[in-house]
């Protein structure tokens, strides 16, 4: 779909460990809402120092993280309760 109000999906697939991922178009300087789904049997904490956000998501539920408008750069995030759960948001 090509619409100025909808971000384009640029790439999607699975990692070597089987985790799904996707790459979306994002315009620097605009706020973004990230929906986090926790499929785990225990709580997780979406946290990022560079994004200045922190959200605890209960087991088997979803949470919404509102992120301020971002300048171009790389913003890392992680699950504070699980050292292996990490990712990054790259803004161009």
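The values are calculated or read from the model by the stated rules, or taken from the named source; none is laboratory data. All values derive from a computational prediction rather than experimental measurement. Positions of Cβ are generated from backbone atoms using ideal geometry, with glycine treated the same way; all protein chains shown enter the neighbour counts.
Laid out as a table, the results:
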quantity	calculated
Tally, over the range 9-23, of residues that are modelled with pLDDT under 75 and within 14 Å of the chain's Cα centre (by Cα)	4
Cross-chain or 6+ apart pairs with Cβ under 9 Å, the range 21-33 first and on the phi > 0 side of the Ramachandran plot and outside any strand (DSSP E or B), then loosely packed, with under 12 Cβ neighbours inside 10 Å and modelled with pLDDT of 80 or more	29/69; 29/71
Checklist (1) more than 18 Å from residue 8 (Cα to Cα); (2) modelled with pLDDT under 90; (3) under 15 Å from the mean Cα position of the chain (by Cα) applied to residue 57, failing item	(2)
Residue match in the range 57-66 (condition: part of a loop (DSSP other than H, G, I, E, B) and surrounded by 14 or more Cβ atoms within 10 Å (Cβ to Cβ))	no
